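Peer 1: Handing you a structure now.
Read-outs: derived from the displayed coordinates by stated rules, not from any lab. Note that the coordinates shown come from a computational prediction; the quantities given were computed from them, not determined experimentally. Glycine also receives a Cβ, built like all others from the backbone with ideal geometry; neighbour counts cover every protein chain displayed.
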Amino acid sequence: MKNLAPKLSDAEYEKNFADITPPFPPHNATLEAKRCLFCFDAPCTRACPTHIDIPAFIKKITSGNMRGSANKILDANILGMSCARVCPVGSLCEGACVYNERDTEPIQIGRLQRFSIDWFYANWDKTKEMFKPAKPNGKKVACIGGGPSSLSCAFYLAQLGYAVTIYDKNDKPGGLNTYGIARYKMSAEEALKEVKLVEHVGVKFKQNCEIGKDVKVEKLTKDSDAIFIGIGLGQTEDLGIPGEDLPGVVDAITFIDELKHKKLRDVRVGRRVAVIGAGNTSVDAATQAKRLGAEMVMVLYRRTEAEMPAYNYEYEIAKKDRCVYYFLTAPKRIIGKAAVEGIECVRMKLGKPDSSGRPAPEPVPRSEFVLECDMVIKSLGQKKQRDFVQKVLGLKTDDRGRIAVDDTLQTSNPKFYAGGDCVNGGREVVNAVAHGKRAAWAIHKRITGEDIDLDGLWKNETIRRVANTAKHQYA
């Protein structure tokens with residue numbers, strides 16, 4: 001990298017990367033909880049992909065029953081801590097709050113959920129006994145990938161007595177939560193606390209273990225009664241332009257990973273940074289580059305503000321951090337000899353809708369211009385793992401490269417189920433958790449023939465919730 005941004009003081013790094021949504025102090029949490037109307041058939045619960053009983057967990061906060069509150073959340077969503085920090089609550093539970101219809105601020109459900117689950121992990125020595133390994137039923141399930149969907153599937157299957165092993169090619173478990181979420185939202189250490197809970201109920205983890213290389217698919221299939229695939233997505237899409245291989249060009253996932261696992265002052269960032277793409281990951285990369293000390297961060301997007309995929313609240317974060325957006329702008333080539341020195345762009349105009357339903361961008365003739373920069377961050381979305389799915393796992397994919405599944409998340413091989421980003425193309429952590437839970441219910445039904453929703457065989461609330469909410473999950 002030709003020019004590095006100046007290093008900040010430790011105090012500046014700490015301030016810049018502090019929690020973007022600070023936790024509630026106990027008194028404030030109680031006051032906020034008491035604002036809840038505790039709606040019957042609550043719209044917030046219906047809006048949550050995992051259908052947490054939100055009025056119930058909030059009600060328990062008002063009475064000081066923190067153990068009961070945390071239990072309500074974790075029964076429905078084992079990654080309740082992650083989701084409390086990273087869920088787009090304005091588009092889900094808080095967006096559905098009835099107070100919105102009264103021109104009143106909705107209940108801060110995300111912060112209340114964090115308050116409850118933070119209490120759970122702060123008192124781990126006592127609270128871990130709320131969840132125990134179940135009596136073994138003699139059946140084995142393998143989960144490929146260590147991210148949110150696999151953690152969810154593994155946890156709920158373990159609660160049904162299955163011996164579950166998670167196979168993960170990364171050094172640490174947790175997938176996107178550990179490696180790919182902005183540091184000011186959630187640290188890797190926090191993500192690993194939830195892994196610890198999954199491990200506590202008996203789930204085994206095999207790290208640095210790549211299916212097809214370290215473990216053959218044939219052996220895994222033979223040794224398992226069912227297999228769940230939660231492999232997420234692959235590497236960042238390529239720009240496909242000259243100069244992409246110059247030093248100073250990085251992908252957003254790698255950049256964010258470094259921020260999660262290195263000291264902040266050891267992460268290299270340029271003085272003038274260009275970020276290509278306008279999704280939520282782009283915002284994470286752009287804002288963190290600015291907070292690391294970059295003097296200018298420019299976000300290039302080939303459509304307009306109206307079409308950008310990032311959530312509005314994410315966009316607001318970038319604007320507050322003084323990131324500059326260049327709409328209707330596409331990169332044409334990256335300029336430089338030994339490293340990045342600039343990026344040549346072309347103006348775009350919108351034409352007729354493409355296959356995505358959005359207006360297709362078209363280059364404006366003779367509109368090229370150059371932006372000076374010394375670092376380019378690619379954030380065009382992640383590649384589908386089509387080759388791995390088809391050639392290694394032997395499964396069918398759809399026309400977009402996603403694993404093809406039916407309504408129960410069963411793949412073209414009846415023994416294999418899949419969920420999360422590798423199925424939906426890239427959504428939220430909470431959607432991955434919901435998929436994992438639904439798959440656990442479906443796997444249990446296939447192996448045992450028991451419909452735990454209809455047969456009334458289980459008294460455990462965790463198991464009932466797996467069945468009762470799973471039917472409404474998949475969309």
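Peer 1: Where does each of THR411, THR62, THR178 land when they are ranked from fewest to most other beta-carbon atoms within 10 angstrom?
Peer 2: On the way: THR411 23, THR62 17, THR178 27.
Going from sparsest to densest Cβ surroundings: THR62, THR411, THR178.
Peer 1: For LEU37 and ARG265 in the same chain, what is the full-extension length gain: residue separation times 0.36 nm, less their Cα-Cα distance, in nm?
Peer 2: 77.4 nm
Peer 1: Report the number of Lys pairs in the range 1-125 whose alpha-carbons are under 16 Å apart, with separation of 8 or more residues or on distinct chains.
Peer 2: 5
Peer 1: At LYS216 and GLU368, where each label point lies 7 Å from the Cα along Cα→Cβ, what is the point-to-point distance in nanometres?
Peer 2: 5.4
Peer 1: Related question: Any idea how far apart ASP223 and GLU307 come out in nm if each label point goes 7 Å out from Cα toward Cβ?
Peer 2: Spacing of the two 7 Å Cα→Cβ label points: 4.9 nm.
Peer 1: Test of understanding: ordering ASP374, ASP103, ASP223 by Cβ neighbours within 10 Å, fewest first, what list do you get?
Peer 2: Least to most surrounded, the residues fall as ASP103, ASP223, ASP374.
Peer 1: Also: Place a point 7 Å from Cα of ASN137 in the direction of its Cβ. Which residues in the range 201-236 have their backbone N less than 17 Å from it?
Peer 2: Backbone N within reach: 201-204, 224-228.
Peer 1: Among GLY293, ALA360, GLY277, flag the residue with its Cα farthest along the positive direction of the charge dipole of the range 249-378, charges on Cβ as +1 for Lys/Arg and -1 for Asp/Glu.
Peer 2: Comparing the listed Cα positions along the dipole, GLY293 ranks first.
Peer 1: To continue, here is another question. Please tell me which of these pairs span more than 18 angstrom C-alpha to C-alpha: LYS140/LYS219; LYS128/LYS185; LYS132/LYS185?
Peer 2: Listed pairs above 18 Å: LYS128/LYS185; LYS132/LYS185.
Peer 1: Measure up LYS213/LYS391; LYS126/LYS193; LYS384/LYS415; LYS169/LYS415; LYS216/LYS391 against 19 Å on the Cα-Cα distance and list the ones that go over.
Peer 2: Cα-Cα > 19 Å for LYS384/LYS415; LYS169/LYS415; rest within.
Peer 1: Now, a different point. How big is the antiparallel share of DSSP beta bridges in the chain, given as a percent to the nearest 5?
Peer 2: 35
Peer 1: Let me ask another. Taking only pairs that are 8 or more places apart or on different chains, how many Lys pairs in the range 249-378 have Cα atoms under 23 angstrom apart?
Peer 2: Lysine pairs meeting the criterion: 18.
Peer 1: For the range 249-378, what is the relative contact order in percent, using Cα pairs closer than 8 Å and at least 6 residues apart in sequence?
Peer 2: On the way: 263 pairs, mean separation 36.9, N = 130.
Computed over the range 249-378, the figure is 28 percent.
Peer 1: Using the crude model of +1 on Lys and Arg Cβ and -1 on Asp and Glu Cβ, and no other charge, please compute the dipole size for the range 256-328 relative to its Cα centre, in debye to 20.
Peer 2: Roughly 360 debye for the range 256-328.
Peer 1: Can you give the angle from 0 to 90° between the axis of helix 148-158 and the longest principal axis of the chain, with both taken from C-alpha atoms, to the nearest 10?
Peer 2: So the inclination is approximately 10 degrees.
Peer 1: A further question on this structure: Pairing the Cα long axis of helix 429-448 with the longest principal axis of the chain, what angle in degrees results, from 0 to 90 and rounded to the nearest 10?
Peer 2: Value to nearest ten degrees: 40.
Peer 1: Continuing with this model, one more query. Which order results if HIS51, HIS27, HIS261, HIS444 are arranged by neighbouring Cβ count within 10 Å, fewest first?
Peer 2: By the 10 Å Cβ count, ascending: HIS27, HIS261, HIS51, HIS444.
Peer 1: For every helix of n ≥ 4 consecutive DSSP H residues, a contribution of -39,500 (n - 2.57) applies; sum these over the chain, divide by its total residues, and give [θ] at 222 nm rounded to the nearest 500 deg cm²/dmol.
Peer 2: Working: 19 runs with 170 residues, N = 475.
Helices in the chain give a 222 nm mean residue ellipticity of -10000 deg cm²/dmol.
Peer 1: Calculate how steeply helix 252-261 sits against the longest principal axis of the alpha-carbon atoms of the chain, using the helix alpha-carbon long axis, and give the answer as 0 to 90 degrees to the nearest 10.
Peer 2: Rounded to the nearest ten degrees, it is 60.
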